[in-house]
1. Give me a count of the residues in segment 11-38 that are surrounded by 12 or more Cβ atoms within 10 Å (Cβ to Cβ) and not in a loop (DSSP other than H, G, I, E, B).
2. For segment 125-153, name all the residues that are among the polar types (S, T, N, Q) and closer than 19 Å to Q9 by Cα.
3. Search segment 48-59 for residues that are part of a loop (DSSP other than H, G, I, E, B) and pair each with any residue that is surrounded by 24 or more Cβ atoms within 10 Å (Cβ to Cβ) and of a type in the set (K, R) when their beta-carbon atoms are under 7 Å apart and the residues are at least 6 apart or on different chains.
4. Checking A41 against (1) modelled with pLDDT of 95 or more; (2) assigned to a loop (DSSP other than H, G, I, E, B): exactly one of these is not met. Which one?
5. Mind listing just one residue for me: the one in segment 66-113 that is of a type in the set (G, A, S) and in contact with a Phe, Trp or Tyr (Cβ under 8 Å, 6 or more places away or on another chain) and, of those, farthest from V54 (Cα to Cα)?
6. Within the group R234, R159, which residue is in a loop (DSSP other than H, G, I, E, B), over 28 Å from P83 (Cβ atoms), in contact with a Lys or Arg (Cβ under 8 Å, 6 or more places away or on another chain) and basic (K, R)?
7. Have a look at A129, A194, A169, A165 and point out the one that is over 22 Å from L252 (Cα atoms) and surrounded by 16 or more Cβ atoms within 10 Å (Cβ to Cβ).
8. Tally up the residues in segment 117-132 that are touching a residue at least 24 places away in the same chain (Cβ under 8 Å) and farther than 11 Å from A167 by Cα, please.
Amino acid sequence: MTPDVLCCQEIRVRPQDDDAIAAMTAAVPGYDCHFSLANDARNARYRGGRAYGVATWIRSELGAHQEPIEWDREGRLVASIVPTLRLVVVSLYGVNGTSRPYFDPVDGRPDGTRHDWKQRFNRQLAATAAAWRARGLRLVLIGDWNISRERIDAVPRLRTWGPHAQARAQLNDRIMPALDLVDVFRARHPTTRAYTWFNRWATSLDAARVDYALVSRELADAVTRAEIGPRPARDAISDHAPVWITLEARALRRGRP
């Protein structure tokens, strides 16, 4: 069965790569392609500017449109709104906090570290999601959050150094309660140790669950499956396993006005 919505992160296409963009948007017949690409020369210079980037392919018959997110210059968020279902699906690639400097994208001045930017990014995402909720939209936020939520989500250990713990607390204790979000994989599999990122060069298991779907609580009962795919091969293109959720159509439509 083919999915109704496919979300990808780190697509590594630049805004000026016209041929790649044309191929991407035409890649899946019957689907609309919504995307956001990194357009920040100061902070997204990796691979010649082919850093980050997110895309969503969504069945054309759903009548979705892309919602602009003007503050995201790094190509980390793409929002697809399905008005008939009062639904917004967000493909996201969260910031991986590091001690490297973050530069103001307008004036180029240093503005803290990537750890600081990670927390500002998360706050801006939460504010944007709150505005969608105020419009009566229900949330599906899915992708690579670059945060492991609990000890069960990492092996051999959970990173507890200051900035990592702060970002985790920000998500768990503030953002999720404020938006009333449910981590549907953990809700359905409360004791399962499963991981989505793997250190392919480690000699023993070094992995974490950093990719997951957070959904509005009113959608949680409509989720019939929340799964993690198999560990990628060592020579695979990605070092992440896929994740997916299934929303039961009738339960989803019950929320329409």
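The values are calculated or read from the model by the stated rules, or taken from the named source; none is laboratory data. Not measured: the values here are computed from a predicted model. Positions of Cβ are backbone-derived with ideal geometry, glycine not excepted, and every protein chain shown enters the neighbour counts.
1. Of the residues in segment 11-38, 10 are surrounded by 12 or more Cβ atoms within 10 Å (Cβ to Cβ) and not in a loop (DSSP other than H, G, I, E, B).
2. Across segment 125-153, the qualifying residues are N146, S148.
3. Between residues of segment 48-59 that are part of a loop (DSSP other than H, G, I, E, B) and residues that are surrounded by 24 or more Cβ atoms within 10 Å (Cβ to Cβ) and of a type in the set (K, R), the close pairs are Y52/R76.
4. All conditions pass for A41, except number (1).
5. Top of the filtered list is G112.
6. Only one candidate qualifies: R234.
7. Answer to the selection: A194.
8. Count: 7.
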